[in-house]
1. Between rounded, prolate and oblate, where does the range 1-143 land on the alpha carbon gyration tensor, with a ≥ b ≥ c its root eigenvalues, rounded for a/c under 1.5, else prolate if a/b exceeds b/c?
2. Straight-line reach from Lys165: which aspartates and glutamates fall under 13 Å, measuring Cα to Cα and dropping same-chain residues less than 8 apart?
3. Can you return the aspartates and glutamates within cross-link range of Lys304? Criterion is Cα-Cα under 12 Å, with same-chain partners fewer than 8 residues away left out.
4. Apply the a/c threshold of 1.5 to the C-alpha gyration tensor of the range 90-175 and tell me whether it is rounded, prolate or oblate.
5. Straight distance only, please: which lysines reach the Cα of Lys38 with their own Cα at less than 23 Å, same-chain residues fewer than 8 apart left out?
6. By DSSP, what percent of the beta bridges with both residues in the chain are antiparallel, rounded to the nearest 5?
7. Which order, highest average first, do 204-212, 69-77 follow once you tally other Cβ atoms within 10 Å for each residue and take the mean per peptide?
8. Going by average Cβ neighbours within 10 Å, how do the peptides 54-65, 18-29 rank, with the highest at the top?
Amino acid sequence: MSNTEAKALFKEISNLTTEQRNPKSMEIDNLGTGDILKIINDEDKLVPLAVEKELPYIEQAVEIIVKAIKNGGRLLYFGAGTSGRLGVVDASECPPTFGAPYGLIEGFIAGGMQAMFKAQEGAEDYEENGAVDVDKAKVTAKDVVCGIAASRRTPYVIGAVKRAKEIGAATLYITCNPRENFNISEVDVAICPFVGPEVVMGSTRMKSGTAQKLVLNMLTTTTFIRLGKVYENMMIDLQMTNKKLVERSKRIVMTITGVSYEEAADYLKKAEGHVKTALVMIKANVTAEEAKMLLEQADGFVRKAIALKK
C-alpha cells in the first residue's frame, strides 16, 4: 500500500462512528472493577434501543428471506472478525434448533474457518476475497446474501455483496454506523443499529457485536417461525442429536399435549423422532403416516395440520 493509500484509509477509519472515543469511558483505566463494569453495563443497555429503531428494516429483511427460502433459496452471511464469527454461529445453530437442512443458512468468514479460532490477518482487506467466496458458495439469484460489518467498510464484505448483486441475489447489510453514511442503493435492505462509540475505542466485539447478534437472532428466529418451525412459543422441529435434545423433545410433547413421559417417548419413537409428527398424532388422533400427510398439506404448520383433521 502506498503512503497516499495508507493516509486515505487512515482518514476513512478515523471518520467512522465505531472508531470514535466514548466520552463516558475516558477515565476507565483509572477506575476500580465495579465502576468499570458499571460503565460497560450502562453502555450495553443502549444496544436494544438501537436495534428497536431498526425493526422496520429487519422486518423487510425477514420477508425477503422467507420468500427466498420458499422459492428454494438460501441465506448466506459474509463477514470478517467478530462479525464473521457471529454469522457462522447463527447459521450453525439453525439445524439443531429448527431442524433446518444443513446449508440452508450458511456463514462465511474472511480467512476461512480457521479464522473462527485465530485471526487471519489481512484476509478482510481485499474485495476479491469476498467475491471468490461468493462464487465458491455457488450463489444464485434465488439466494439472499447478508453482509455483516460493524464499520460498513470491510472490503471482504463489500466484495461479497457486490458479487451477489451481479449474480442477481437479494442483498442485506448489517452495520453499526449511521444509516445516513450508507448508500442505500448498494443493497436491498440495510440494517443499521447505531450504538455509538465503544467503551474501548474501536472494540466492535462489544456493543456492535451485541447489536449484530440481536439482529441475527431476529432474522433467523422470525424466519423459521414464519416457516412453521414453532408451535405456540416452543421449537418443534429441533433435531434429537444429543441426549439433552432428546429429553427436550419429550418435554415439548408433554407440555403441549399433556401426555406422560412414557407416552411422549412412545409417540416420538413412532414418529421416528420427529416432534411435529408426534404432536399432530396426539392432537389430531391420527397415525404417524396420517400426521405426515397432514403436515405436508399444511406446509409444515402444526396448527394448520391439526385443523385440517377437525
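1. Values: a/c = 2.01, a/b = 1.37, b/c = 1.47.
It is oblate, given that a/c is not under 1.5 and a/b is not larger than b/c.
2. Cross-link targets: Asp135, Asp143, Glu186, Asp188.
3. List returned: Glu296.
4. Values: a/c = 1.73, a/b = 1.16, b/c = 1.49.
Verdict is oblate for the range 90-175.
5. Leaving aside lysines fewer than 8 places away in the same chain, those within reach of Lys38 are Lys24, Lys207, Lys213.
6. Working: 2 of 20 bridges.
Expressed as a percentage, antiparallel bridges in the chain total about 10.
7. On the way: 204-212: 23.8, 69-77: 19.4.
Top of the packing list down: 204-212, 69-77.
8. On the way: 54-65: 18.3, 18-29: 13.5.
Those peptides, ordered most packed to least, come out 54-65, 18-29.
The numbers here are math on the coordinates, done by the rules we state, and not lab data. No experiment lies behind these values; they were computed from the predicted model shown. Counting neighbours? That spans all protein chains shown, and the Cβs are built from the backbone with ideal geometry, glycine included.
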